[in-house]
Every structure is written in structure tokens, then in C-alpha cells.
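Presented below is the structure to which this report refers.
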């Protein structure tokens, strides 16, 4: 796994503070007033950022960059949150969700798609080759096959073993931040919940794009779809302002149109950090009785490259990549 420096949170408003001697000096938010830049959720975002940066640094488009970045965890056999190694639903079926969006408002998504290894690339085809935004289930699979994507059995032996271990008790108890606790670690059946790769990029001209991909909640009801493929919930991007993506319990993000909310708060003048904080606090206020058992986090990128991140619980990490550093990893601040 890529070597990375961890940056620990020091202030509520400023985000996470960087270790001395690294090009991303100061907090992620304070250091952010430059571009181009790529940010993504969780530890596995480091490798995704590096792949995206290779595209952007060679003159590729931000849309090409975020697609290339999202494909990395989709193909990672150790990642049980995203793509072909994801944990299945309670019926033992692996369904995947993804969305992609550029700063001009063009977007595409797929939800509950099976047998296709790279849903992010299918989402892009939906955006570019159809008049639609979202295709789901068998229709999304059929579209992908017609467009040349191979049909594959994606459920890995490790994921199937984890599902069979889960069946012994069949308890559905989502736990916060289990995506980091189990990434490449643990024994089958340990995780009752996992998460999302959300990735945002801005180029030197201020053009933005974003991608979001996930295998959704482990052991979910078959057909369950979270926020990741929902434009405005799991992902939203606007060249005039910036972009945002989310992680955690998707139902809570959908209820607040979370990523759209973060971008609109930025449009009203809040910094990316302030916008993420307000979006999280709205969820906490509305779900006060259950908030301590939930994890929801937002990650935002302004068109000038400024970064913000905030979560209900401690433990939400995010990766930042620019011309000075391709493997910087931060811990977000939290509401609790």
C-alpha cells in the first residue's frame, strides 16, 4: 500500500493540520487556495488521487481524471467498499452504484448494477450516450453490455465467505468508519457496513468534475440504493462555485440533498470547510436521537482549490493531491 503521511486535526474550523516539512503546509483548507488539485474520501483515496493526477498532469480533462481515479478502487481486490471486491447484499448478490458529473451540469449514474466491474465508466456512458441521467438494475447492465463492457462474476471468494459468516447471525448493525477498519485487514464477516470513494478535481482553469462509486451497505436489502448515484446527494459539481461529495449512511445524505447543500452554501459565501460543517450540523439537529450512532461526512473543493471536510464522528479520512504532494492524507474534524 502506498506510503502516506497522516495529518491530524487541530482546529474545528480550519480542518486538519499538516505535518511540518510537507508542501501542503497549514491546514488543508488554508493551504487550498491553489489549483489544480484532486481530493477524495478515505485512505484508499490516495491511490485514486495518484491515478487521477497522472491524467490531469499530462493535460487530460478533469472528467478523464476523476474516471481514471475511481476505477482504481473499483478494481482493488482488497477494497470491500467499492467495486468487484465489495461485500454483497443479504441475498449474496453484489450490486454497485456510481455517478459522475462535470462542472457544466452534465452527469450520469448507474444504480444496483450487477456483473459490471467498472460502474463509473458505465455512468459516464450514460451521461455521454443517452438522454438520461440514471439507469438502474438490469437495464443498466443491459446498457453496459451493449456498450462493450464485459459481463463478469464479481463476487470474490473472500466476499462470499464474509457473507456466509454474516448469515450465521444475520445481524444488520452498521458501524461508523468500518471502511478504514477493514480495508485490507480483518477476517471475513467483520464488517457490517462500509463505504464510498468520492473524488473531486479542479484544473488550472477552474474547471471541475467529480466521481462517486460504491458497493453500498454490506448485507443491505436487495435493491437498496444509497446516496452515491444520486446527483445532488452523493455528488454535486458546479464550475461557478466548486464541488462536494459525501460518505457514510446514504439515507441521511439523501434526506438533506447533502452535496448540493454544501455547494449552495459555498455559493452563498461560505468556505468549503464552513459549508461542510453546516451540512453535517443540519443532519445532527434533525437526527439528534440517532446521530451518535451514525457517520456522515462531506468533502468539498472550491474552484480555487480550497478544501473542506467535516463529519459527524471522528475517523473520517480524506486524501489531497496537488503539484507538491500526491499522497497527503488528512483526518477531518467532527461534530462529536
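A full extension of the chain between residue 128 and residue 267 corresponds to an added length of 47.3 nm, given 0.36 nm per residue minus the alpha carbon distance.
Spatially, the range 75-129 and the range 276-336 are offset by 22 Å when compared through their Cα centroids. The C-alpha radius of gyration of the range 26-334, expressed as a fraction of 2.2 N^0.38 Å, stands at 0.90. Modelled spin-label separation between residue 58 and residue 172, with each label point placed 7 Å from Cα along the Cα-to-Cβ direction: 4.3 nm.
Working from label points 7 Å from Cα in the Cα-to-Cβ sense, the residue 106 to residue 327 distance is 3.5 nm. Under a no-solvent Debye model with one identical scatterer per Cα of the range 262-322, what's log10 I(q)/I(0) at q = 0.14 Å⁻¹? The computed values of log10 I(q)/I(0) come out as -0.40. Each of 314, 169 has some number of other Cβ atoms within 10 Å of its Cβ, and from fewest to most they run 169, 314. Gain on full extension, evaluated as 0.36 nm per residue between residue 240 and residue 336 minus their Cα-Cα distance, stands at 31.4 nm. Each label was represented as a point 7 Å from its Cα along the Cα-to-Cβ direction; for residue 164 and residue 151 these points are 2.6 nm apart.
Where a number appears in this text, it was derived from the coordinates with a stated rule and is not lab data. Computed from a predicted structure; not experimentally measured. So basically every Cβ, Gly included, is an ideal-geometry build from the backbone, and we count neighbours across all protein chains shown.
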